[in-house]
Amino acid sequence: GQNIDQPTEMTATEGAIVQINCTYQTSGFNGLFWYQQHAGEAPTFLSYNVLDGLEEKGRFSSFLSRSKGYSYLLLKELQMKDSASYLCAVREGSGGYQKVTFGIGTKLQVIP
Amino acid sequence: EAGVAQSPRYKIIEKRQSVAFWCNPISGHATLYWYQQILGQGPKLLIQFQNNGVVDDSQLPKDRFSAERLKGVDSTLKIQPAKLEDSAVYLCASSPQTSGAYKNIQYFGAGTRLSVL
């Protein structure tokens with residue numbers, strides 16, 4: 001089984017930088033995803049980490065430390081449209097079946 | 001490329017009634033997922049299909065929920081009878097055949113918002 005923890009809510013100012021943390025406990029770790037979900041909409045893929053380190057994609061970066069069971073999503077130059085929930089999801093297993101479990105999500109509010 | 005299609009978008013029913021949701025995944029995607037997302041929570045996997053076979057239904061309340069994926073393409077999820085606690089958004093997602101890390105990205109449909117009164 002898995003245990004995924006992330007803060008439920010965060011507030012940040014437009015133009016600033018915000019870091020959303022995610023910790024997990026799992027056996028058979030095989031990757032970590034971040035999804036963005038605007039209110040009333042479907043989740044959309046943001047990033048994926050399977051090796052330790054930082055993955056950068058435009059204003060968004062994601063970091064993983066497998067030994068610490070820890071990841072963060074970094075959002076730079078925040079825009080009002082970044083107000084959304086950010087879901088951390090952990091994949092476990094290998095071979096034919098890989099299970100992805102989602103965290104509760106962090107609701108980010110960007111204020112002017 | 002067309003995305004994951006779901007219908008209906010909204011459904012209101014009374015408790016003890018039955019309801020069915022439909023999902024059409026992205027063409028060529030072998031894996032199909034049904035999730036339940038209660039307000040303020042993350043998606044919870046109900047059932048996962050690989051082609052038309054079930055690979056995980058451990059969290060599906062089998063006394064009232066059922067799902068099928070005929071011919072390995074479209075899928076339906078049914079609730080019979082519905083309870084108040086079934087009020088949630090039901091999301092369908094699909095992903096390509098999984099052989100490498102990036103090939104397991106899930107693409108979600110817009111979901112069906114179910115209200116049980």
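Things to note:
- Test: A:Tyr86 is within 21 Å of B:Gln41 (Cα to Cα), more than 11 Å from chain B (Cβ to nearest Cβ) and surrounded by 15 or more Cβ atoms within 10 Å (Cβ to Cβ): no
- Total residues in segment B:75-108, condition part of a loop (DSSP other than H, G, I, E, B) and at pLDDT below 95: 7
- Near pairs, Cβ below 8 angstrom, 6+ apart or cross-chain, from segment A:32-59 (under 14 Å from B:Phe108 (Cβ atoms)) to any residue that is charged (D, E, K, R) and at pLDDT below 95: A:Phe33/A:Arg91; A:Leu46/A:Lys57
- Scanning segment B:19-63 for residues that are more than 10 Å from every other protein chain (Cβ to nearest Cβ), among the small types (Gly, Ala, Ser) and either at positive phi or touching a residue at least 60 places away in the same chain (Cβ under 8 Å) (or both) yields a count of 2.
- Positions within segment A:1-10 being part of a strand (DSSP E or B) and either closer than 22 Å to B:Val89 by Cβ or among the small types (Gly, Ala, Ser) (or both), in sequence order: A:Ile4, A:Glu9
- Qualifying residue in segment A:62-84 (condition: in contact with a Cys (Cβ under 6 Å, 6 or more places away or on another chain) and in a strand (DSSP E or B)): yes
The values are calculated or read from the model by the stated rules, or taken from the named source; none is laboratory data. None of the values given here were measured: they were computed from a predicted structure. Neighbour counts run over all protein chains shown; Cβ positions are idealised from the backbone, glycine included.
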